[in-house]
Amino acid sequence: MLKFMKHQHKLTPERIQKQKELFGFHKACYHGFPSKPSAMAWDPRLRLLAIATRAPAIRLYGQPGVEVYGQSEACESPITHLIFLTGQCRLVSLSEDNSLHLWEMREVKEEEEGGGETCLKLVHVKSTSLEGKLKKISVLACEAGGEHVMVGTEGGNIYLLQVASFTMAENIIYQDVVMQNVPEDYKLNPGPVEAIAVHPKEAGRILIGYQRGLVVLWDTKNLCADQTYISSQQLESVCWHTDPAAFTTSHNDGSYMVWSALDSAQPADGPQTVYGPFPCKPITKILRPSAKDGGQFTIFSGGMPRASYGDRHTVTAIEGDARHTTFSLSSRVLDFAVVLDDETGVADCLVILAEEEIVFIDLVTEDWPSHGAPYLASLHSSAITCSYLCASVANDVLDKIKDAGIKQQARLSPRPWPISGGVLEKGKGKGQQDTNQRDILLTGHEDGTVQFWEAGSVSLRLLYKLSTAQLFVSEDLGGEGAAAEDDDWPPFRKAGLFDPYSDDPRLGVKKMQMCPYTGTLVVAGTAGQVLVMAPATEPKDLLPQCIDINLVAENDSFVWKSHSKLEMRGETVKLEPGMQPTAILQFFPPASCTSLALHSEWNLVACGTAHGFALFDAAQNKSLLAKSTLSPLDLANTADEGPMSRRKSLKKSLRESFRRLRRGRSQRKTAAGGGRGGATSPTATSPPPSSRGGGGGEEEGVRPVERAIEARTNTPDHVGSMVRCLHITKCFIANSQAMSATLWAGTNSGSIFVFTIAIPPSDKRKEVPLTVQLGKEIHLKHGAPVLGVWVLDGSGLPLPVPMAVKKDAAPPPSTSLPHRVLICSEEQFKVFTLPQLKPFCKFKLTAHEGSRARKLDLAKFVSTADPSYSETCLALATNQGDFSVFSLPDCRRQLYAPHLKKEDIR
């Protein structure tokens, strides 16, 4: 029988083809704001926005649904500057290593298996560089025709880059030649080229700005200087006005000057220090576009008073004498641009690129509101503490969430999205939302918010934002900063959503679960708070009240020495349409939630912490079970400042660390001398050939070497009582004749508790109390943390999720063959038959490969060749950054894919 089992799983050509159809991973991911942005460019003719990163890579954005990406091994150094060759679908980038790169959009045929389709990509075409210390590139500017790129250097010379050949032309604007018409007093070295601005109407005239304050209006055709302008302050930037009779320069003392393009004697408007008279920071960039009422904008970055607001990241927008706003961002401003209206030429939108987000400000609507961006979302506006993907959400639930989000966004700009370039492929709607894919990604954040993202397309779009902090009294540390925003001068206004500073870490969301059919949402936090919520279409006034659940009521010796619980607000809270709480639970001890389970059909919620777990009846709003998992050793540790407490002394921590090192060495020596599993070997970076690929059995006569695994019970920092997984389901546990409602709870020490739940008929559900009693206990010999428990029906498929059968979204479970239970720990996967719990099969992950399971779940893979065929498998991510897929119920590996880099494993 064993031999038969071994051979039937060998990789036949048919099986290989089936795997390609089932597990054909695509290089697709949900795109938010790119990490480590470095530069930005705007093409006014094609209305495309480009963002470069230090990766290095370039992302190109047009109207919602138009996104193009480019990355090349030929460009390895971080990109520091980016410009469009206007109207050509081409860009030039400057890297830190002083190299220049040409990128252009091309249709490329994908070579991936199952692919073959053509797609638009940003392709690296050519490279060049300037050698020499004085040829360090300081600024780039594109000529009006787009045939040349002017390259300013720190040596003061300007080189011409021929775009066609991507080589430097012989024509060079030498600094010595430019200086010939400069007065004798200023013929000293003016420094590097700081800015180049092409005349908006006369292509042959450019402004050249040098660092030490000299600006020259240069005639490129006649190779002579028309005008020279002298400033006593160091130059930062230069820009032409809409009417090119004048231009503006900004300086490092926080001032700007307006000059006449016809007269170089004195500035037309003397130095303007907006936030003076005390010393100010440099104005790094300034633009002067036209306003809708015929006036003119003054938009600049920086210029803040050094002493008072020197640490602020700001962009200021001024329109005449009437309107003045200083947009304050939470991360450093890298660049900004102004999008002009195609017909009128007036300023339409201000785009601000910061290190952690990009902000779009409507400059036409009164009060200058922000645009709700359909892409480039800042996912980590507050640090993400957990995430949950809710697939195939019911239409009515999705509509309620979207409607609540629309009402939240009423304060945003009503005007159309200004980035409108590109053409969508036929058959794709705005935002390329797939109507068959109703998926919502939920992200829980450190500040207690839950954000709902539309995950049916490549770009994540924020649908709705839920705040749990409004129900609690927290340690609000932001009062002083908020008061500063209300000061008359400077007229600050917070821009963007990025806010990494959490007022109270206890608000952090740790676990979430949502029913796709009813919309019931459970949110569990850091301080033992659990909120059961449901979608609502009308506002509501609520006086928050919580139900206390004590997990250590039977343990008189327990002492809690960490943070206190969150106090509920004493006054009525006005709840907006959207997710509204139906029950609030508060655990004692108020420890962080480590596991969560929701059964929306039975209205049951289970939650686990480091001290135990509880079962709550959401229909009758009462606690059914509070089970402590603390062992006598754990209780002794809590009294003796052990791993359950955060207040360890440095001396004790060091002592325990040395003991752990000593113990590890001794156990390794013992194992090397013939301990458990034979000789040790270093941690594997890939699985052995016997377990890679299709999951075939070991070769005849060859047994994989098992690795020595250090015992966990001797580790002082290991909390064995922590509940790692919870599962509520129906199964054969008492006998093989009738299925019982059960709660499965797995702990860090390898223990599984199985409770049976007696649920009355639906017509008496709210009157008759539920009863819960312990059915069975399972203790895994290897004692590794239990990460997941799933009950499989007679055909090896997991039981349908709650409400799926009732909503005709899934067939009822098969009862023709015995049911089984899959128990997954960090080290092994085991399958037992029910109700006898007789071992069926297992897979030793850590013993064979040296890796530990980090995240795992069951996933349904639909064939790309035949949509009617699918397989449900166990998907796994390990601590070494690789993914595996195992078949059910025999736990044979079907796929192995090393994916994550070592620095990304967390």
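The values are calculated or read from the model by the stated rules, or taken from the named source; none is laboratory data. What you are looking at is a predicted structure, and each value in this text was computed from that prediction instead of being measured. Please note: Cβ atoms are built from the backbone with ideal geometry, for glycine as well, and neighbour counts cover all protein chains shown. For accessibility, only protein heavy atoms count, side chains too; no ligands or nucleic acids. Shrake-Rupley method; radii C 1.70, N 1.55, O 1.52, S 1.80 Å.
Values for this structure:
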| item | result |
| --- | --- |
| The stretch 73-217 - Rg (one decimal) and Dmax (whole number), Cα, Å | 17.9, 71 |
| Carbon + sulfur, % of accessible area of the stretch 235-295 - ligands and nucleic acids excluded, 1.4 Å | 54 |
| Using distinct alpha-carbon pairs, which all enter the 1/r mean, Kirkwood radius of the stretch 151-208 in Å | 12.8 |
| Approximate shape of the stretch 228-268 as ellipsoid semi-axes (Cα gyration tensor, √5λ), whole Å, largest first | 17, 12, 7 |
| Karplus 3J(HN,Hα) series, Hz, for the stretch 132-138 with 6.51 cos²θ - 1.76 cosθ + 1.60 (x for Gly, Pro) | x, 5, 7, 9, 5, 6, 10 |
| In Hz, Karplus ³J(HN,Hα) per residue of the stretch 532-549 (6.51, -1.76, 1.60; θ = phi - 60°; x = Gly, Pro) | 9, 10, 9, x, 9, 9, 10, x, 8, 9, 9, 9, x, 9, 10, 9, 7, 10 |
| Rounded percent of accessible protein surface that carbon and sulfur make up, the stretch 761-863, 1.4 Å probe | 54 |
| Å³ per residue enclosed by the Cα convex hull of the stretch 275-432 | 161 |
| Cα-only Debye scattering, the stretch 359-414: base-10 log of I(q)/I(0) at q = 0.12, 0.20, 0.23 Å⁻¹ | -0.44, -0.99, -1.08 |
| Kirkwood hydrodynamic radius over Cα pairs of the stretch 838-906, then Stokes diffusion coefficient at 25 °C and 0.890 mPa s, in µm²/s | 185 |
| For A354, residues with placed amide H under 5 Å, excluding near neighbours | L334, V359 |
| R0 of 51 Å, Cβ-Cβ distance S392-V559: FRET efficiency to nearest 0.05 | 0.65 |
| Accessible area per residue in Å² at 1.4 Å probe, computed on the stretch 220-282 | 47 |
| Calculated SAXS-style log₁₀ I(q)/I(0) at q = 0.09, 0.13, 0.20, 0.22 Å⁻¹ - the stretch 787-906, Debye, Cα scatterers | -0.28, -0.57, -1.15, -1.28 |
| Model label zone, S127; criterion: amide N under 17 Å from point 7 Å along Cα-to-beta-carbon; scope the stretch 53-78 | 53-58, 70-78 |
| Once the Cα gyration tensor of the stretch 743-816 is diagonalised, semi-axes √(5λ) in Å | 27, 20, 10 |
| Computed over the stretch 439-592, the ratio Rg/Rh where both radii use C-alpha atoms and Rh is Kirkwood | 1.01 |
| Karplus-derived 3J(HN,Hα), 6.51/-1.76/1.60, for each residue of the stretch 455-461, Hz, glycine and proline x | 10, x, 9, 5, 8, 6, 10 |
| Amide H contacts of G254 (H built 1.01 Å from N, under 5 Å, at least 5 apart or other chain) | I283 |
| Order by protection proxy (mean Cβ within 10 Å, highest first), peptides 250-261, 227-238 | 250-261, 227-238 |
| Loop-located GluC sites (Glu not before Pro) in the stretch 120-190 whose Cβ has at most 13 other Cβ within 10 Å (DSSP) | E131 |
| Trypsin sites (Lys or Arg not before Pro) restricted to DSSP loop in the stretch 274-342 with at most 12 other C-beta within 10 Å | R332 |
| Accessible surface of the stretch 583-623 [probe 1.4 Å, protein heavy atoms]: carbon and sulfur percent | 43 |
| Rg followed by Dmax, in Å, when the stretch 177-292 is reduced to its Cα trace | 13.7, 44 |
| When each of K511/K901; K126/K187; K465/K565; K510/K781; K109/K510 is checked by Cα-Cα distance, pairs over 32 Å | K126/K187; K109/K510 |
| Nonlocal amide H pairs with D348, under 5 Å, H built at 1.01 Å | V339, L340, D341 |
